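Please treat every number below as a calculation from the coordinates, not as lab data. Everything numeric in this text was worked out from a predicted model, so none of it was measured. Glycine gets a Cβ as well: all are built from the backbone with ideal geometry, and neighbour counts include every protein chain shown.
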Amino acid sequence: MGLSLDDKKAVVAEVSAQVANSQTIVVAEYRGIEVGDLTQLRKKARESGVYLRVLKNTLVRRAVAGTSFEGLSAAMTGPLIYSMSQDAVAAAKVLNDFAKTNDKLVLKAGCYSGKVLDQAAVKALASIPSREELLAKLLGVMQAPVSTFACALAALAKKREAEAA
């Protein structure tokens, strides 16, 4: 049984709210994926802060109309699962990582900063480290000189204590 008009309006409103808060949308064809595998994909998406849902393409087209993601409408054909995230990389990373282990999930397209991405561009976006990974690397780079300086001071203090004794 199909959705009533009120249900459709509610879905469009929910998706519109997600689109408004998203930097990236990635779509993939999910035909033939088993329920258990799809459950694992949804779990991974929740852990990564990604909105992941199977939606009617016509409803998503209405939700993205007038936004920077409108160019993605041409790729909205067939049975699709939609991945949206505030993190620029997370939506692509979740679907790409799952597609590596399950050949039934086929990345179709994506959209980032108003630019429509093909399958290769989505994979390239997914290979970029996440925001948290980049911040951790930056912190490590910033701490290295401080810890080296602290070790040098400790060695100097020990040397002066030995000379004083």
Q: Note down the net charge around residue 62, summing +1 for each Lys or Arg and -1 for each Asp or Glu among other residues with Cβ under 14 Å from its Cβ.
A: +1
Q. So what is the relative contact order of the stretch 5-128, in percent, for Cα pairs below 8 Å that sit 6 or more residues apart?
A. 37 percent
Q: Subtracting the Cα-Cα distance from 0.36 nm times the residue separation, let me have the gained length for residue 146 to residue 127 in nm, one decimal.
A: 3.8 nm
**Q.** Correct choice for P(r) over Cα pairs in 10 Å bins from 0, in percent that was computed from the model, options (i) 10, 30, 22, 17, 12, 7, 2; (ii) 10, 37, 36, 14, 3, 0; (iii) 10, 32, 26, 10, 7, 7, 5, 2, 0
**A.** (iii)
Q.
Ignoring everything except DSSP H segments at least 4 long, calculate the 222 nm mean residue ellipticity for the chain; use -39,500 (n - 2.57) per segment, divide by total residues, nearest 500.
A. -18000 deg cm²/dmol
Q) Using 7 Å Cα-to-Cβ label points, what is the residue 58/residue 86 separation (nm, one decimal)? A) 3.3 nm
Q) Once fully extended, how much extra length lies between residue 10 and residue 73, figured as 0.36 nm per residue of separation less the alpha-carbon to alpha-carbon distance? A) 20.7 nm
**Q.** Which of 118, 87, 103 has the fewest Cβ neighbours within 10 Å, and the rest in rising order
**A.** 103, 118, 87
(Q) If R₀ is 22 angstrom, what is the calculated FRET efficiency for the pair residue 97 and residue 135, using the beta carbon separation as r and rounding to 0.05? (A) 0.65
**Q.** For the stretch 141-155, 3J(HN,Hα) per residue [Karplus equation, 6.51 cos²θ - 1.76 cosθ + 1.60, θ = phi - 60°, Hz, x = Gly/Pro]
**A.** 5, 6, 7, 4, x, 5, 5, 5, 5, 5, 5, 5, 5, 4, 5
Q. Which of the lysines could a cross-linker bridge to residue 108, judged by Cα under 19 Å and excluding same-chain residues fewer than eight apart?
A. 56, 93, 100, 123
